[in-house]
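Novice: Could you have a look at this structure, given as structure tokens, before my questions?
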Amino acid sequence: MEKENVYYATGKRKCAIAKTWMMPGSGNITINDRPMDNYFSMETAKTAVMQPLELTGNTKSYDIRVRVLGGGITGQAGAIRHGITKALVLSDPDLRAALKKAGFVKRDPRQKERKKYGQPGARKRFQFSKR
């Protein structure tokens, strides 16, 4: 594995963090040392991961190895998509315009809102009674 042909990027979504290594290859995607089809059972998660590669036409051009931590299935899929997008931009800066138009370059800033004291949840209130 040559250092100059390996592109590293970190993607984030909700609480998930995906460390992504992309190198020229045949299109194999490995997540936490498991093939993508074994790791994700939901079809929507698999399509989310493949979106930046399909948009740029690089589905069979790169081998991708991902180490993902935290979050749930959709958060991890979004983090992997963000990491792949950043690695693609590193490999070819001309792809940035198409990926940006699709909305993959920007990190999704939505997070879970914290629970506040004096109430049962982030927004929920205890029942109010005047008397």
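Novice: Under 10 Å, Cα contacts only: if you run a Gaussian network model on the chain, which one of A48, A102, A87 comes out with the highest mean-square fluctuation?
Specialist: A102
Novice: Which of the residue pairs K19/K46; K12/K124; K46/K112; K19/K86; K14/K106 have a Cα-Cα distance greater than 20 Å in the structure shown? All intermediate terms of the calculation are to be shown ahead of the outcome.
Specialist: Values: K19/K46 17 Å; K12/K124 28 Å; K46/K112 23 Å; K19/K86 11 Å; K14/K106 13 Å.
Where the Cα-Cα span goes over 20 Å, the pairs concerned are K12/K124; K46/K112.
Novice: Which one of N28, N38, N58 has the biggest mean-square fluctuation once the chain is modelled by GNM with Cα springs under 10 Å?
Specialist: Comparing N28, N38, N58 in a Gaussian network model of the chain, the most mobile one is N38.
Novice: So what's the back-of-envelope 222 nm ellipticity for the chain, counting only DSSP H runs of four-plus at -39500 (n - 2.57) apiece and dividing by all residues, rounded to 500? The partial results should precede the final answer.
Specialist: Details: 4 runs with 44 residues, N = 131.
Mean residue ellipticity at 222 nm (helix-derived): -10000 deg cm²/dmol.
Novice: About the Cα centre of the chain, what is the dipole size in debye to 20, counting +1 per Lys and Arg Cβ and -1 per Asp and Glu Cβ, all else neutral?
Specialist: Numbers: 27 positive and 11 negative charges, 324 e Å.
Result for the chain is approximately 1560 debye, rounded to the nearest 20.
Novice: Just the ratio, please: alpha-carbon radius of gyration of the range 71-126 over 2.2 N^0.38 Å, N its number of residues.
Specialist: Values: Rg = 16.9 Å, N = 56, 2.2 N^0.38 = 10.2 Å.
In units of the 2.2 N^0.38 Å rule of thumb, it is 1.67.
Novice: Let me ask something else. Divide the volume of the convex hull of the Cα atoms of the chain by its number of residues and quote the answer in cubic angstrom per residue. Each step should come with its number before you reach the end.
Specialist: On the way: hull volume 17.5 nm³, N = 131.
For the chain, the hull spanned by Cα atoms encloses 134 Å³ per residue.
Novice: Could you please report the charge total around L95, scoring K, R as +1 and D, E as -1 over all other residues with beta-carbon less than 13 angstrom from its beta-carbon? Before the final figure, lay out each step's value.
Specialist: Values: positive: K86, R96, K100, K101; negative: E54, D92, D94.
Local charge sum for L95: +1.
No lab work stands behind these numbers, since they all come straight from the coordinates. Nothing here was measured: the structure is a model prediction, and the numbers come from that model. Every residue, glycine among them, receives a Cβ derived from its backbone with ideal geometry; neighbour counts consider all protein chains shown.
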